[in-house]
Every structure is written in C-alpha cells, then in structure tokens.
1. For the stretch A:224-241, does any single residue satisfy the condition of being within 30 Å of B:ASP391 (Cα to Cα) and in contact with a Cys (Cβ under 6 Å, 6 or more places away or on another chain)?
2. Return the only residue of A:GLY287, A:GLY321, A:GLY303, A:GLY265 being open to solvent by 10 Å² or more (accessible area, probe 1.4 Å) and either modelled with pLDDT under 95 or not in a loop (DSSP other than H, G, I, E, B) (or both).
3. Among (1) closer than 27 Å to B:LEU189 by Cβ; (2) without any contact (Cβ under 8 Å) to a residue 40 or more places away in the chain, which single condition is B:THR277 missing?
4. Looking at (1) touching a strand residue (DSSP E or B) at 6+ places or on another chain (Cβ under 8 Å); (2) at the interface with another protein chain (Cβ under 10 Å from one of its Cβ atoms); (3) polar (S, T, N, Q), which one does B:THR12 not meet, given that it meets all the others?
5. Among the residues of the stretch B:83-119, what is the count of those that are crowded, with 20+ Cβ neighbours inside 10 Å and within 13 Å of chain A (Cβ to nearest Cβ)?
6. Just name the residue that is farthest from A:SER280 (Cα to Cα) out of those in the stretch A:358-382 that are in contact with a strand residue (DSSP E or B) (Cβ under 9 Å, 6 or more places away or on another chain) and open to solvent by less than 10 Å² (accessible area, probe 1.4 Å).
7. Considering each of B:VAL180, B:VAL184, B:VAL210 in turn, give the residue that is surrounded by fewer than 16 Cβ atoms within 10 Å (Cβ to Cβ), in contact (Cβ under 8 Å) with a residue 24 or more places away in the chain and not charged (D, E, K, R).
8. Test of understanding: among B:ALA294, B:ALA258, which residue is open to solvent by 40 Å² or more (accessible area, probe 1.4 Å), facing another protein chain (nearest Cβ under 7 Å) and more than 30 Å from B:GLY361 (Cα to Cα)?
2 protein chains.
Amino acid sequence: MPNAIEVELVATGDELMSGAISDTNGAFAAGVLRELGVAVRRMSVVGDGLQDIVSALTESAARAAAVIVCGGLGPTEDDRTAQAAARFAGVPLARSEAALAHIRAMFEKLGVPMTANNEKQADLPAGSELLDNPVGTAVGFMVEARGSRLFFLPGVPHEYRRMLREQVAPRLAALGRSEVRHAVRVLRLFGIGESKLETELAGISIPATVTIGYRATWPELHLRLYASGTCELEADLDAAERAIRERAGVRVYGTGDATLAQTVGRLLLERGWRLATAESCTGGLLGAVCTEAAGASDWFECGHVTYSNASKTRFLGVAPGLLAAHGAVSREVASALASEARQRAGVELALSITGIAGPAGGTPEKPVGTVWIGLATAKRVSSKLYHFPYDRERVRQRSVWTALDRARRCLLELAED
Amino acid sequence: MPNAIEVELVATGDELMSGAISDTNGAFAAGVLRELGVAVRRMSVVGDGLQDIVSALTESAARAAAVIVCGGLGPTEDDRTAQAAARFAGVPLARSEAALAHIRAMFEKLGVPMTANNEKQADLPAGSELLDNPVGTAVGFMVEARGSRLFFLPGVPHEYRRMLREQVAPRLAALGRSEVRHAVRVLRLFGIGESKLETELAGISIPATVTIGYRATWPELHLRLYASGTCELEADLDAAERAIRERAGVRVYGTGDATLAQTVGRLLLERGWRLATAESCTGGLLGAVCTEAAGASDWFECGHVTYSNASKTRFLGVAPGLLAAHGAVSREVASALASEARQRAGVELALSITGIAGPAGGTPEKPVGTVWIGLATAKRVSSKLYHFPYDRERVRQRSVWTALDRARRCLLELAED
C-alpha cells in the first residue's frame, strides 16, 4: 500500500506514564490521517522530562517526514514541550506577539483574569509557524528542522482533535500530493473465532487492492477491509465483502457501525414486533445492551430481572414445583421464563437467560458456564443449552450476545447453529 | 521515589495504527509497575510489520533493562511478534512442546477444534522462557538478549492484565532487589471531580513517604496513595488516609477492590436487607452492575426494566393518570416505581431510575440528562432530581452510580448531598 508520506506521533505527559490515563489522541489522529492516505508509522509516549521529549522528537524526526506532538503546552512548570522543541531545532525560545494576543483574547472571552504564568505560553521556538487554537488558550506551532516538519498541539482531546483536522491535516495533505485513495469497510461477526475464520477464508479470492485485518472485540469478531488504489474502491470492497460472506455465511451479522442489538432492533421493527426479556444470571445486562443505543424504545418493551427463585415465581409465575424438579438452570425454567415474559408483556418475541455465571454455584451436572437461553414467539418456545468455559464477566457477556443472536436468526428465519 | 529499574513498553498491531483502537494495556502496566516502584520510561506503538517490530524492540532494549511487549502472538498471518523477537535475539524459531501442550489443553477445555495455524503459536524464539497464560491459547515468553529482558504477552486486555500481574511483575520485582519498599492504597470516591478534590486537598499534611495519584475512572474518582521508604509504610498510609478522609468526608465510599455495588451489598447484608430495582432509561444497567460480582444473590432480589409506559402500568401498577399528568420522568413516577418495586418484591429497600438519556427526547422543561432517582424503604419513599450534562452512555452510568450512592447513604443513615 504505497503512502505518499509517513508520520510519527509523540504524546507527552507524566499522567500517561503513571497509569492514570491512556493516550487516545493517537488513535484519533491515525483514523483522520488514514482517510488522507497518510500512514502513522509509530506512536511514542514519554513523560514530562525535557530530555525524554527531546530524545523522542529527535528519533521520530529522523524516521518520518512529519511528526505530530501533543501535550506540555500549558502554563505550569511541568509543561516543557516548547522548550524541548527549541532545543531539538537548535533555536532559542522567543516571545510571540501573535501568540500573546491570542492568549489575551481567549482569557477575555472566558471572562477569567490572566495570570503571569500564562504569558509563558507565548514563548515559542524562534521561527516557528503559529497553529490557531480556536477553543483554548494554548497556541500550537509548527517547526521545520532536521529534514522533518513537527506539529505541536495541546493534549486536551477536544482541542487536539479540532486542531488536527483544521491545522495539521490540510498541511499534510498538501505535503503528500498523493494520487492514491483509501477506503475501509467493517464486517461484524458473531459465533466464530479469529483463527477458525482465517482457516475458513484461506485461499479466498479478493481484489488485490483490498487487505483484511482481524480484530477480536469480545465476544464479537470484526473484519476490517482496507482498500488502497487509484481507481474506484467501493466496487473492490463490494467484491471482497461478497467473497467473505460466501464463506462466513450468516455469522456476518452486519457491516459498519450497527451493533448486534441494533441489528435485532432493526429486524424487529421491520416486522412491527416488540421484545421482552427475562434474565437471571445476567442480572439486567441483556436489557442494558438492548437499550444502549437511542431508539430502543421503538422495539424494546420491558425486561424482568428475576434473580431469586422467589421472584421467578412471583413475577413470571414459574411454578415452585418446576423449580424444585428441574432447578432454576434448566430447559423447563428457561422456556417458562421466555413464554411468560412474552405473554405478560403482550409482545411478539421474548428472550430468557438462566445460567451459572460462577465462580461459585457449579455442580458436576451443571458446571459453571452452564446457560440455558430461551426464545418465545406466538408460534413456538424453544430453549437451548450452552457451555461457556469463561470467567463470570465473560459468561454473562457471551450469554447476552448468544441470546441476541438467537433472536436475529429467528427473525431472519435462519436455522440455528 | 528512587526506582530500582526502568522499563519500556511496546505495543504492536495494525489496529492500533489505523485509528481502530487505542492501546490501554500501557496505562494498566504503568499503574501496576508503579506499585512495584518500577517506572515506565517510554511506550512505543508500532504496526504488524516485522521490521517495525524488530526496530522497536532493538531501540527499547538499548535504553531499558526490561521491555514488555504486547500483541502479535495470535495464530494468523499478521501475528509476527515471535518472529521479530527471534530476529532481535539472533536465534531461530523453535517449536515448543510445552507451548503446544498448553494450546492443545486450552482448545480441549473450550471444546473447540484446534486448527493447523494454531500450532504456529507454539513456535517461539529458541531458548525463551514460557510465561503461562491461564485464560487464553497464546502463550507468553521471555527472551534475554542484548543486555535486556523482554517479556512478550498477548494483546487481549484480560489476558495481558492477568499475565502482567502473575508472570511479569514478580520477575521484575526480583530483578529490582531494592532496599526501598513500596506500598499502595486505593481510596474510592464518588460524587466529586478531580480538580475540585485537588483544590479541597490543597495544603493537606500527609507523611513525606506518601504521594497522592489521582485517577478518574468515570463515574468514580480513585486516589492512589503510593508509599516508598525503608521503614513501616502501613502506618504512613493510615495517616494519609485519615487526613484525606477528614477533608473528602463521606464521598470516600471505600478502600481497596470493593466496588460501590459491593459496598452497598455489604451494608444491606449487615442489616439482613434485600434490594429490588425498577429501571426505565438505564434499561437494566443498575441490575447488571449490582450482579457483576459473585455473591449478589445474598442481597439482590430482583429488578424490573419497565422501559415502555405500558410496562410501568402493567408490571408496577403505575396509574396511567399519573403518567399522563406528570410524565414518566417525574418525582411521582420515580416514587411510585420504587415503592411498588419494594412492596411487590417483599424487600426492605428499592431503587428506581427514570430519566431522559438522550440524545433525543428532551424538552425545554425536561432536557436530556434529566433523571429522577427514587428510594423506598418501609419508612419512607423519596425521589431526587438530577441533571447530568453528558452523552447517553454517561447519563446512564452516572444515574446507576447515583442510585447506588443514595442507597449507600441511606444504609449509613447519612444526610444526602
């Protein structure tokens, strides 16, 4: 994939080195730059130490035509990035009147009195070009030195993002002047692991312009199709998607941003159906996942978190005799929960989950990870048994996703796995 | 804080360079290592390219006594970290029988057929030491070369975290052999932001051996007290904790690992009380959070996810007239939901949440972020109004935490904020 230019990113700040926070500016920049056909080759994160920053700048500038640096432009003592930039470029710091005017105007706009240490933010490497920050006091700047262009931005994410788009991206685009276009498409799968899918896709024929990236986002698997070329890329992505779907089949539940729950919601809406849930071991997680995205009220009616056995009887009429005879984790109880949840809510579809999430509560007959998932429509009630050999959190997540996938397959009138 | 050794971190993966995700393993490792008195000097992120990984390993190993690398240990073609490690160390890859046995055992446990490409995961740099992965198929390994120790771990966060704690941390601690001891204590707060707390703690007097680290873990705030010295550190941590509690007051809900939900559970158990919930805009999230940790069945009875208005009437008897007169997001409905949930479940305490999570559904009188939270005991029913100026996800999370904190304060017989 030929790229016009490659860049490196440097993030600075002790808070990034102490475990307090992760750098998220890097991924944001990589996404924006990718759309321009600019590849990020390396990201480096260092603390606030002057020499650490100078070293990182020196090494990145030696490798890349452009470097985007964030953090350390504030007014306090531990903000040393401008100083590091000057040392890297071999120039002194000089008070920028334009930067000072910007800082004064910002404080006036905010209605906050300006303190002496804020003036320090106007001391920039001599000869640097100002990068406007419309939403904060810190100005950015660009330094050209040692054969590379270095862009310095504040670390505050909303300032960084805006300045990256408005100040850095156009300058990099002008620098690159590439004929190569880039496009990406995401296929979302559930019910298959990364290595199994790669085996199934072995020898697949897709356009040479497209490469496949795997990304496991438990409990799902996402395939990212990256296309690069000088011609029309959508047709190539379509061809690659068709080839993958031919092999991966119905385990591909969608493309783009729609989650599994949103996919189920869309299928319900197409029929004018509504959903009710009855949960035991997942404690409400199925309902929470269903209602994560806005618009769920169009198809999600209600849920019951019948955690105790008494509540299964009290709220969904599960007979105590049934619970005594089969246990709460059983086909009979899963079916009763789904069937009652559907009828009592007056909806077309209901899902139920009852299982042993662990770590305690397992028996030889019903070990931890034993989960029954029920599905009820007006026509039928069916419960299926699963064994999820994971820890508590994952048993619960996998149970919720499996229930949603049962609903999806039911709505698509597909056979189940 | 004198540190015995310094380490560097390297994260690999095209998904980190494309904007798809941010590296969060680095911040986790930095936090864990800090507790050992080990400082992270630099973090580097590179793609899946063999030469990029080799370069990053070479440069980090030249600077640091230990390097922790993550990602690229999977079975697919773009997993090249073992190969890069071998090239860096100048040794061939060799099939490890111990690793192969691990992989086979994992697949057997998962009940999934093993494919040929999984065997590749057993090809490790000759002479490397295996690092056990109890929760995944990929084994980790340690390579000693060019004057540095390199630890290779899978990138999957839950595998990385566990192996970092169990495999890497003890080896680094042994490597350090410092006379300086380190201890850490976590104070968990809810209901105050980082900058406000920092202002409130200004000029606080704590032992010189203790430093305070802030960590915002939305919607909570955690204070980490780091103690370093050659003497007894627990007494110093006790003194620091007392001084902080004197100022932060009841907003400190606990220390250590117990979550807010577990804290509420403990307080309920002390009284022999049980909890029921009624949720609208949070869709089951309160129930899911309550039942996240094992043992919740001792105090969590049941929950109602009355998402539609009809279900509020049908399952919790909220009068249609009440809904029509005041709207679903109102003091009256919040109180009715909590009161009915408590009485129908036959429990001592109930919480209810009804609000506008957004992004749509707001009005001038009830904008997005308007949330009523109800609390009912046998003695009283009280509902409080909140305005959470956040996006949908954060409105829901903040609502759940606020409801739990209301329960905590009620159980402690504290005045509310």
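The values are calculated or read from the model by the stated rules, or taken from the named source; none is laboratory data. All of these numbers come straight from a predicted model, not from anything done at the bench. Backbone-built Cβ (ideal geometry, glycine too); neighbour counts: all protein chains shown. Each accessible area value is taken on the protein alone, full model and side chains, heavy atoms only, with ligands, DNA and RNA left out. Shrake-Rupley method; radii C 1.70, N 1.55, O 1.52, S 1.80 Å.
1. Looking for residues that are within 30 Å of B:ASP391 (Cα to Cα) and in contact with a Cys (Cβ under 6 Å, 6 or more places away or on another chain), one finds none in the stretch A:224-241, hence no.
2. On the way: A:GLY287 fails: open to solvent by 10 Å² or more (accessible area, probe 1.4 Å); A:GLY303 fails: open to solvent by 10 Å² or more (accessible area, probe 1.4 Å); A:GLY265 fails: open to solvent by 10 Å² or more (accessible area, probe 1.4 Å).
Answer to the selection: A:GLY321.
3. (2)
4. B:THR12 satisfies all of (1) touching a strand residue (DSSP E or B) at 6+ places or on another chain (Cβ under 8 Å); (2) at the interface with another protein chain (Cβ under 10 Å from one of its Cβ atoms); (3) polar (S, T, N, Q) except (2).
5. 3
6. A:ALA376
7. Values: B:VAL184 fails: surrounded by fewer than 16 Cβ atoms within 10 Å (Cβ to Cβ); B:VAL210 fails: surrounded by fewer than 16 Cβ atoms within 10 Å (Cβ to Cβ).
After applying the criteria, what remains is B:VAL180.
8. On the way: B:ALA258 fails: facing another protein chain (nearest Cβ under 7 Å).
The match here is B:ALA294.
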